[in-house]
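Read through the structure below, which is laid out as structure tokens, and then see the notes.
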């Protein structure tokens, strides 16, 4: 995206999408739909991370690329802690399991602790985004 106004609008869209998807995860958790909650928590992190990468002019094309570039540019530099990054990384792995593995169901005790950890992750990531 070469137009700065379009880029800013797209970054803002990703930030809002991250927040919206997190709210959906909370609703799914309240309905005891644990695999779907994992999916939405992962996408909340993904949208926030991809917004930050775009904000810093780092373009990636895949989910793995977002994770890798996020780690390289924000975890290794100390802007995001390894503990907070592990939440995103774990959710990426668990989302794959819940979406693509037959007979794999997450339980309440697996998922509930990730709600607060995800909220913390996206809050930190969004705080690193600067708009002109």
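Side notes on the structure shown:
- Taken as a whole, the condition of being under 17 Å from residue 130 (Cα atoms), crowded, with 16+ Cβ neighbours inside 10 Å and more than 14 Å from the chain's Cα centre (by Cα) does not apply to residue 3.
- Residue under evaluation residue 78, criteria (1) closer than 22 Å to residue 129 by Cα; (2) in contact with a helix residue (DSSP H, G or I) (Cβ under 9 Å, 6 or more places away or on another chain), criterion not met: (2)
- If you go through region 57-76 and pick out every residue that is exposed (fewer than 13 other Cβ atoms within 10 Å of the Cβ) and not in a helix (DSSP H, G or I), you end up with 5.
Each row is one residue, and each column tells you yes or no for (1) part of a helix (DSSP H, G or I); (2) under 19 Å from residue 120 (Cα atoms).
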{"residue": "5", "(1), (2)": "yes, no"}
{"residue": "9", "(1), (2)": "yes, no"}
{"residue": "21", "(1), (2)": "yes, yes"}
{"residue": "26", "(1), (2)": "yes, yes"}
{"residue": "29", "(1), (2)": "yes, yes"}
{"residue": "32", "(1), (2)": "no, no"}
{"residue": "38", "(1), (2)": "yes, yes"}
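- Residue check, residue 60 within 15 Å of residue 124 (Cβ to Cβ) and out of contact with any strand residue (DSSP E or B) (no Cβ under 9 Å at 6 or more places or on another chain): no
- Looking at 102, 116, just one residue is assigned to a helix (DSSP H, G or I), over 30 Å from residue 6 (Cα atoms) and out of contact with any helix residue (DSSP H, G or I) (no Cβ under 6 Å at 6 or more places or on another chain), and that residue is 116.
- Residues of region 80-110 that turn out to be farther than 19 Å from residue 122 by Cβ, surrounded by 13 or more Cβ atoms within 10 Å (Cβ to Cβ) and at pLDDT 95 or above, as a count: 0
The values are calculated or read from the model by the stated rules, or taken from the named source; none is laboratory data. Small disclaimer: the values here were computed from a predicted structure and weren't measured. Glycine also receives a Cβ, built like all others from the backbone with ideal geometry; neighbour counts cover every protein chain displayed.
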